[in-house]
1. Once the Cβ-Cβ distance between residue 249 and residue 355 is put in as r, and R0 is 35 Å, what FRET efficiency do you end up with, to the nearest 0.05?
2. Please list, by residue number, every one of the trypsin sites (Lys or Arg not before Pro) in region 279-346 that is coil in DSSP and has at most 16 other beta-carbon atoms within 10 Å.
3. Starting from region 32-125, pick out the chymotrypsin sites (Phe, Trp or Tyr not before Pro) whose DSSP state is loop and whose Cβ has at most 15 other Cβ atoms within 10 Å.
4. Please list 398-407, 198-207, 380-389, 24-33 highest first by mean number of surrounding beta-carbon atoms within 10 Å per residue.
5. Using the beta-carbon distance between residue 315 and residue 71 and R0 = 51 Å, what value does 1/(1 + (r/R0)^6) give for FRET efficiency, to the nearest 0.05?
6. Let me know the Rg and Dmax you get for region 4-125 when you use only its Cα atoms, in Å.
7. Tell me, for the chain, which Cys residues have no other cysteine's C-beta sitting closer than 4.7 Å.
8. Using a cut-off of 28 Å between alpha-carbon atoms, which lysines can reach residue 418, once sequence neighbours fewer than 8 places away in the same chain are excluded?
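The values are calculated or read from the model by the stated rules, or taken from the named source; none is laboratory data. For clarity, every value in this text was computed on a predicted model and none was experimentally measured. Cβ: placed from backbone, ideal geometry, glycine included. Neighbour counts: every protein chain shown. We work out accessible area using only protein heavy atoms, side chains counted, and drop any ligands, DNA or RNA first. Shrake-Rupley method; radii C 1.70, N 1.55, O 1.52, S 1.80 Å.
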Amino acid sequence: MGRKYFIKTFGCQMNFNDSERIRGILKTLGYEPTDDWKEADLILINTCTIREKPDQKVLSHLGEYRKIKEKNPKALIAVAGCLAQRAGWELVKKAPVIDIMFSSFNMHQLPELINQAQAGYKAVAILDEPPGDEDKVWEFPTERDNKYCAYVTVIKGCDKRCTYCVVPRTRGRERSRPLESIIDEVKRLVDDGVREIHLLGQNVTAWGKDLEKPLPFSELLYQVSKVAGVERIRFTTGHPRDLTDDIIDAMADIPQVCNALHLPVQSGSDRILALMDRGYTKEFYLGRIYRLREKVKDIALSTDIIVGFPTETEEDFGETLDVVRKVRYDQIFSFKFSPRPGTPAAEMDGQVPDEVKTERMARLLELQKGIMSEIARSYEGTVQEVLIEEAKDDGTFVGRTTTNRWVTVRGGGNILGKIVKVRITKASPFNLDGDLLEVVR
Ligand code: SAH
Ligand code: SF4
Ligand code: F3S
């Protein structure tokens, strides 16, 4: 009987893509996936440590998964990802059931680590620096659930030093993936039926600067768009400071680049932005937004906001609300500031009490709720192009607009994987309903 693995993923899209790569590695080793951890021979948790909550979730899951060893003493428990990188042996001491540990630096070493663990050793491979041979990881395939939309990681790490953030510690310095390696993967994905390519990086707009022959990110957009069969391109996450005019021009110029951008603002207060070391002011950020809106018609914008950064006053928070009112985001991801070990912001005076964070968060969400329903209503009666990703049991189909909105589509034939025109009949903040008009391609 074949060996089985169970994988649980926390965190961002990059971690999700790492898990797809890990699944690809496990497949080449002969492992099959299972949805039930109780029948697995290998349980792998790909962790996140961006805020305190995900840390706690990992420990509670480990507490549960350890029971596997009662039934199957040979079963292995592996921990990967950002918490593994940050906590290292400290985590193994807290949870001795861990057999294998590695991070996004050395996923390609997983086959050896499994061998070591099977031989009875603790296979903990947490490195201070990314190893020189980490590009080997791209030689492994990915295992994906979505047949039509695929993530492609193009740059690892982050060279920014936002004072609240653990990512530079957990993912290391910026390392761009070589252009040929990216294009090879895009070609393979398209051959496999993929129509939408989602380029990923913690700071994706910085891609190319560190290559032997430096290239701008806009060039990557052009190169990906030239691969036959690529119908749509998205990218995450852009940093406002690196969103240069040539990138905005490329977004406007390349038909496949979707009409959506996630551009984290974090705060609207110049004083807080400086304390965060974000490298821009409210005015600069809004300038980027106005330029985007001018060049890329009807672009849908989303953002991340941190509420209750140390010393944030009512007035500072008011500036954040002002940005939200001015930009009118399609979607906001808001987080209460969470002090992370080893980051400067965790040590700052003027930590904001939790009640204040909760209360500000509620006001932010209330404001956003109104904006979201107004934007949603503006879709009613319009015609949208939708890439159909899923067929439902009730005969409807589900897909996304170029502005990244989910649409439930009524109407016939097998349109799975097709880009279709849909007339929107009903709109709510998180979902649109519509009728199929025609298949475009
Ligand atoms: N590279 C991306 C963000 C990655 S982390 C960027 O620069 O925008 C995703 C989001 O988590 C961040 O945008 C921020 O809003 C939030 N975040 C990061 N550290 C945090 C912390 N210590 N407390 C609360 N939220 C945090
Ligand atoms: Fe963290 Fe800032 Fe880098 Fe984003 S840009 S990953 S928030 S340090
Ligand atoms: Fe979390 Fe690491 Fe992503 S800390 S948000 S999984 S980069």
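1. Values: r = 46 Å, r/R0 = 1.31.
The value I calculate is 0.15.
2. Working: sites: 282, 288, 291, 293, 295, 297, 325, 326, 328, 336; in loops: 297, 328.
Those that pass, being in a loop and sparsely packed, are 297, 328.
3. Values: sites: 37, 65, 89, 102, 105, 121; in loops: 102, 105, 121.
Those that pass, being in a loop and sparsely packed, are 121.
4. Details: 398-407: 20.4, 198-207: 23.1, 380-389: 17.9, 24-33: 15.9.
In descending order of packing, they fall as 198-207, 398-407, 380-389, 24-33.
5. Values: r = 58 Å, r/R0 = 1.14.
In this case the efficiency is close to 0.30.
6. For region 4-125, the Cα-based Rg and Dmax read 12.9, 35 Å.
7. When partners are defined as cysteine Cβ atoms under 4.7 Å apart, the chain leaves 12, 48, 82, 149, 158, 258 without one.
8. Those lysines meeting the cut-off are 147, 187, 226, 295, 297, 392, 426.
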